[in-house]
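Participant: Before I ask anything, here is the structure I am working with.
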Number of protein chains: 2
Amino acid sequence: MATASRKQREIRQRELLILDTARRMLLEKGYIGLSMDRIAAEIEYSKGTIYQHFTCKEDLVAALAVQTMTVRRGMFEAAASISGRTRERMTAVGVADQLFAEIEPDHARVEQLLKEVSIWDKASAERRNAALSYETSCMSVVAGVVRDGVAAGDLAMSDGEIEQLVFGLWSLAWGARSIMAASLAIEKFGISEPEAALTANYQVLLDGYQWRPLSTEWDYVATAERIRDELIRQRST
Amino acid sequence: MATASRKQREIRQRELLILDTARRMLLEKGYIGLSMDRIAAEIEYSKGTIYQHFTCKEDLVAALAVQTMTVRRGMFEAAASISGRTRERMTAVGVADQLFAEIEPDHARVEQLLKEVSIWDKASAERRNAALSYETSCMSVVAGVVRDGVAAGDLAMSDGEIEQLVFGLWSLAWGARSIMAASLAIEKFGISEPEAALTANYQVLLDGYQWRPLSTEWDYVATAERIRDELIRQRST
DNA sequence: GTCAAATATTGACAACTCGTCAATTTCGGC
DNA sequence: GCCGAAATTGACGAGTTGTCAATATTTGAC
């Protein structure tokens, strides 16, 4: 009994070891360069043992994606529950997104790498459900802040538009990061600070939706800095 | 001489045959399911011959991406040169983007599939340069319309902001399509018409940038329809 | 029309990949 | 110390990409 749980602990530990090794390899060599044989060699277990944890290569990397999603969700929730006006809280989620990319670069890059390859078809249903749940809960956090904005009278919006706005912010963030990672032309084209451009566009979109106070009436750069410090402080405790 | 060019024509023809076959296979079976052996069998040439056209599998799919980019660029240019107010022309590019996804679904899907896998590292330098050039010229088309907007006094903007706006539109479009293709949660979350949401967000962003006439002062839905018809008409001639 | 040299084409091959499963080792309870 | 259950292994089958000696074709000179 005590031994059984010790064994289970060992297995959990090993699973983490596999994931860590896989993540490192994925970042170094890309999805195609990620080899089950090499992982096995590195962790000094046989390949068969790895396949006791994961049904296939896709399932393994899907597990990586799920790990990453939990980290992101945690940061989003912390950001959304910060104090201030509703648009400040929306800004906070943007800051969290940026912080996530900055503080957890491995996680952020894995997330991108994996959106690319179609993993979910072959991954186990269990894993897929986990991912689905984390993704929807990330979106719900954002949608919650938007609803608070409407409730507070800072934002006028029908129900369908709320999802539209969330989709817009999400597209903007995801697209920008995806372009930063993959595009050949971005530097040549003269976007030297894409991260700053992203946050600026973020605010422009919120202005377009007339989320009050508008950026002409409020210093959201200061807000972003305040929140950034606060989120970092929270993390370190 | 005449014979040399005949031979060259044959080679060109075969290259197109390889690309067509590869595209079909890529769409059917995904990047991993795309096999050089199977392509060779299907076109009834040996694998060695394929490797005379392309340095490696990545180079082949990079060539597919380049083909796709030329189609996209063509549509962008046609859209940008349409008549009307500057913001209408900007809207036209958005319509072209949508039309591209609609009329050339194979090209559009290939474009997405390939952003995912990191192809460019291994592709030949020649191919990479071609891609870079097409991508920058797509962006230049958009930037040109923005500059025209500034010149016409419809839009107030510093130089750096122009690139920022282009980056914003591009992020929005790219991110939305990427999410549509890959996301598990999108339907569950209640975004039933993502394409419509994208075009709406498009206009919201332009409103945020105060590109006149604002969407409150002008019917851009009508504009989009007019341009859509016109672009389709142009294509069919 | 003939023939040698240049060019194009081939497919067996080496070296790798994923996922399986019979055989082996390790472990837990008695 | 011993036995049955559970975990671990790595050789293996079937697949992949990319290479290259051997073969087939085309070319240009005579």
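Read-outs throughout are calculated quantities, based only on the coordinates presented, and are distinct from any laboratory measurement. All values derive from a computational prediction rather than experimental measurement. All Cβ positions, even for glycine, are placed from backbone atoms using ideal geometry, and neighbour counts span all protein chains on display.
Participant: Quick check: Cα centre of segment A:56-130 to Cα centre of segment B:106-144, how many Å?
Facilitator: If we compute the Cα centre of each part, the gap is 26 Å.
Participant: Would you calculate the separation in nanometres between label points at B:Thr237 and B:Ala222, each defined as 7 Å from the Cα along the Cα-to-beta-carbon direction?
Facilitator: Modelled inter-label distance: 2.4 nm.
Participant: Right, here's the next one. How would you rank B:Arg127, A:Arg85, going from fewest to most other Cβ atoms within 10 Å of each one's own Cβ?
Facilitator: Values: B:Arg127 21, A:Arg85 17.
Fewest to most other Cβ atoms nearby, the residues stand as A:Arg85, B:Arg127.
Participant: While we're on this one: Nm distances between the label at A:Ile103 and the same-position labels in the remaining copies, 7 Å along Cα→Cβ, shortest first?
Facilitator: Result for A:Ile103, in nm, nearest copy first: 4.8.
Participant: With angles folded into 0 to 90 degrees, how steeply does helix B:2-33 sit against the dominant principal axis of chain B? Use alpha carbons for both and round to 10.
Facilitator: Computed tilt is about 70 degrees.
Participant: Okay, moving on. Once you order the gyration tensor axes a ≥ b ≥ c over the Cα atoms, which shape class does the protein assembly as shown get: rounded for a/c under 1.5, otherwise prolate or oblate by comparing a/b with b/c? Each step should come with its number before you reach the end.
Facilitator: Values: a/c = 2.06, a/b = 1.03, b/c = 2.00.
Oblate.
Participant: So what's the net charge close to A:Gly190: Lys and Arg +1, Asp and Glu -1, counting the other residues with Cβ under 14 Å from its Cβ? It would help to have the intermediate numbers written out before the result.
Facilitator: Values: positive: A:Lys188, B:Arg147; negative: A:Glu187, A:Glu193, B:Glu135, B:Asp159, B:Glu161, B:Glu163.
Summing Lys and Arg as +1 and Asp and Glu as -1 gives -4.
Participant: In addition: Inside 10 Å of the C-beta atoms of B:192-202, what's the mean count of C-beta atoms belonging to other chains? It would help to have the intermediate numbers written out before the result.
Facilitator: Working: counts 2, 2, 4, 0, 2, 9, 4, 0, 6, 10, 3.
Counting Cβ atoms of other protein chains within 10 Å of each residue's Cβ and averaging gives 4.
Participant: Using a label point 7 Å beyond Cα on the Cα-Cβ vector, give me the inter-copy distances for A:Asp148 in nanometres, one decimal, shortest first.
Facilitator: Shortest to longest, the spacings are 4.4 nm.
Participant: Among the aspartates and glutamates, select those whose C-alpha is under 13 Å from the C-alpha of A:Lys7, and discard any that sit fewer than 8 residues away in the same chain.
Facilitator: A:Glu15
Participant: To continue, here is another question. From the backbone phi of segment A:45-52, what are the Karplus-calculated ³J(HN,Hα) couplings (6.51 cos²θ - 1.76 cosθ + 1.60, θ = phi - 60°) in whole Hz, Gly and Pro given as x?
Facilitator: Once θ is set to phi - 60°, the couplings for segment A:45-52 become 10, 7, 4, x, 5, 4, 6, 7 Hz.
Participant: Relative to the first principal axis of the alpha-carbon coordinates of chain A, what is the inclination of helix A:194-208, with its axis defined by its Cα atoms, in degrees from 0 to 90 and to the nearest 10?
Facilitator: 50
Participant: Within 10 Å, count the other beta carbons around each residue, average over each peptide in A:157-169, B:208-220, B:32-44, and list them highest first. Working shown, then result.
Facilitator: On the way: A:157-169: 19.7, B:208-220: 16.5, B:32-44: 14.8.
Packing order, densest peptide first, comes out as A:157-169, B:208-220, B:32-44.
Participant: So, one more: Peptide B:131-139: average number of partner chain Cβ atoms within 10 Å per residue? The partial results should precede the final answer.
Facilitator: Working: counts 3, 4, 3, 2, 6, 6, 1, 1, 7.
Going residue by residue through B:131-139 and averaging, the value is 4.
Participant: Just for the Cα atoms in segment A:57-236, what are the lengths along the principal axes, largest first, rounded to whole Å?
Facilitator: For segment A:57-236, the Cα extents along the three principal axes come out at 51, 40, 36 Å.
Participant: By how many degrees, between 0 and 90 and to the nearest 10, does the Cα long axis of helix A:57-80 differ from the longest principal axis of chain A?
Facilitator: For helix A:57-80, the angle is close to 30 degrees.
Participant: Can you list the lysines whose alpha carbon is less than 28 Å from that of B:Lys115, not counting same-chain residues fewer than 8 positions off?
Facilitator: By straight Cα distance, B:Lys115 reaches A:Lys29, A:Lys57, A:Lys115, A:Lys122, A:Lys188, B:Lys29, B:Lys47, B:Lys57, B:Lys188.
Participant: While we're here: If I take the Cα coordinates of segment A:1-46 and project them onto the principal axes, what are the three extents in Å, biggest first?
Facilitator: 41, 17, 11
Participant: For chain A, what does -39500 (n - 2.57) per DSSP helix run (n ≥ 4), summed and divided by total residues, give at 222 nm, in deg cm²/dmol to the nearest 500? Don't jump to the answer; show the numbers that get you there.
Facilitator: Details: 10 runs with 184 residues, N = 237.
Calculated from helices alone, the mean residue ellipticity at 222 nm is -26500 deg cm²/dmol.
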